[in-house]
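Single-structure report; data block below.
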Amino acid sequence: MSPDSLPQPTLLASVEGEVLAERNMFRLDDIGSLLALDEDDEPPVPDGELVTSAYGSAIFSSALSHHYPRVTLEHWSTSPASPGRNWELDAEVHLEIDGGQIGLSSGVSRLPGPHRLSVPRGPYTLAVWCLGREAARTRHAAGEATPHGVEEWLLRLWPADSSS
């Protein structure tokens, strides 16, 4: 197949806003699936990793114990080009979505953020980029108890079978 005949990536949906990070974590869950709520299928807590995943969930390792990172969540038709900013960290994991609804929430108490998207069921690739971690730590050390929007995240999701 020539590159011209390959499907071009299309941004299908996007939502952005702040989400509460608790104990250095926030999460993405398949909120439409009962399977994603099984405690035995929880992703491991990230230990030196930017993100970990399990069946219908991902946990993100944030810079501070308690703050509000700014997160953009995007759903793409196929693997998009790399984002154009100078991101400090990046990672990629796989998710299986069977409930058709995904959403971000805080890491421990699962307080919902404004991030909700409807996506078709199936296997997905989740690419993650982050910046501003050190700036968030610096502002916290300077006395800002709960920084807002200093740490930034970009989460891009697309069907796994279109990654090639």
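The values are calculated or read from the model by the stated rules, or taken from the named source; none is laboratory data. Note that the structure is a prediction, hence the values are computed from the model and not measured. Note that we place each Cβ from the backbone using ideal geometry, even for glycine, and neighbour counts take in every protein chain shown. Just so you know, the surface numbers come from the protein's heavy atoms only, side chains and all, with ligands and any DNA or RNA stripped out. Shrake-Rupley method; radii C 1.70, N 1.55, O 1.52, S 1.80 Å.
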- With the condition kept exactly as written, say whether any residue in segment 102-123 is crowded, with 18+ Cβ neighbours inside 10 Å, modelled with pLDDT under 90 and either acidic (D, E) or over 14 Å from V19 (Cβ atoms) (or both). no
- Pick from segment 86-101, criterion more than 19 Å from L28 (Cα to Cα) and not polar (S, T, N, Q), ranking: most open to solvent (accessible area, probe 1.4 Å): E88
- Message: If a residue must be surrounded by fewer than 21 Cβ atoms within 10 Å (Cβ to Cβ) and touching a Pro at 6+ places or on another chain (Cβ under 9 Å), how many such residues does segment 65-75 contain?
- Response: 1
- Task: Only one of these is under 29 Å from T146 (Cα atoms), under 15 Å from the mean Cα position of the chain (by Cα) and either touching a residue at least 24 places away in the same chain (Cβ under 8 Å) or open to solvent by 40 Å² or more (accessible area, probe 1.4 Å) (or both): P83, P43. Name it.
- Result: P83
- Task: List every residue pair whose Cβ atoms sit under 6 Å apart, with the two residues 6 or more apart in sequence or on different chains, where the first one lies in segment 54-71 and is over 15 Å from R110 (Cβ atoms) and the second, anywhere, is acidic (D, E) and surrounded by 22 or more Cβ atoms within 10 Å (Cβ to Cβ).
- Result: A63/E151; P69/E151
- In the set L64, L73, L117, L95, which member is part of a loop (DSSP other than H, G, I, E, B) and of a type outside the set (K, R)? L64
